[in-house]
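The values are calculated or read from the model by the stated rules, or taken from the named source; none is laboratory data. If you're wondering where the values come from, they're calculated on a predicted model, not measured in any experiment. As a convention, Cβ positions derive from the backbone with ideal geometry for all residues, glycine included, and neighbour counts pool all protein chains shown.
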């Protein structure tokens, strides 16, 4: 493997990792995830981050709407129980 590294100029470690990845993808090695499995996880991760962002924005909008309807409603609550009771009464 040292000879191809000199000819194409990638490092020995790069070639070793690519050979190992190819072995995983072709089923010759059980260690680690295949390229397709990694791609699937990346897609799922991207989707979950998008959904989390949407939910965070929706929560912020809802909280702002509640605050605009009654500015003093949520101020002054320092323990979660009073704030929770207040928010439950709005549901």
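What to note about this one:
- Condition met for residue 13 (in contact with a helix residue (DSSP H, G or I) (Cβ under 8 Å, 6 or more places away or on another chain), loosely packed, with under 10 Cβ neighbours inside 10 Å and either modelled with pLDDT of 85 or more or not in a helix (DSSP H, G or I) (or both)): no
- Meets criteria (modelled with pLDDT of 55 or more and touching a helix residue (DSSP H, G or I) at 6+ places or on another chain (Cβ under 7 Å)) for residue 54: no
- Residue 73 being outside any helix (DSSP H, G or I), surrounded by 12 or more Cβ atoms within 10 Å (Cβ to Cβ) and at pLDDT below 75: yes
- Criterion violated by residue 43 - all others in (1) surrounded by 10 or more Cβ atoms within 10 Å (Cβ to Cβ); (2) at pLDDT below 85 satisfied: (2)
- Taken together, 31, 68 contain a single residue that is exposed (fewer than 10 other Cβ atoms within 10 Å of the Cβ), modelled with pLDDT under 90 and not in a helix (DSSP H, G or I), which is 31.
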